[in-house]
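Data block below; observations after.
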Amino acid sequence: MEEFIPEGMERLVLLLLLAPLGEETFTRGLIEGYLLSYGHFWSAILFSVLLFALPYWMAYEGSGKRNAGIVTGALILGSLAGYVFALGGIVPALVLHSSASIAGLTVLKLRERPGYK
């Protein structure tokens, strides 16, 4: 999968803007928004969380411990973003998602440095 992701500025735009925008528009704006319109608060959040985490699970299926960490993170982020969306709309959920992507990318870059423990 690493070969597919471009390097440099294109990678940042993809990871920090386009991916969160697409994921949040689909899982929150369409799916969760539809269910919320029928008054299904918690089931709307839960269903959107499961849909949000599914691609992360599929991308790392079979990689054991790494898979568990990534899927757990997606479930936590999805839950927070779903709740934020239900209370405040798509923009706060998008900001939360992009912020989490920035934090994750920062941690990955720091781990590549010599002397990281």
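Each value in this text was obtained by applying a stated rule to the coordinates, not by laboratory testing. Bear in mind the structure is a predicted one, so any value in this text is a computation, not a measurement. Cβ coordinates were reconstructed from backbone atoms using ideal geometry, including for glycine residues, and neighbour counts include every protein chain displayed.
Condition (residue is of a type in the set (Gly, Ala, Ser), in contact (Cβ under 8 Å) with a residue 24 or more places away in the chain and under 25 Å from GLY8 (Cβ atoms)) applied to segment 40-59: is it met by at least one residue? Yes.
Test VAL107 against the criterion of being within 16 Å of the chain's Cα centre (by Cα), exposed (fewer than 13 other Cβ atoms within 10 Å of the Cβ) and assigned to a helix (DSSP H, G or I), and give yes or no. Taking the combined requirement at face value, the residue satisfies it.
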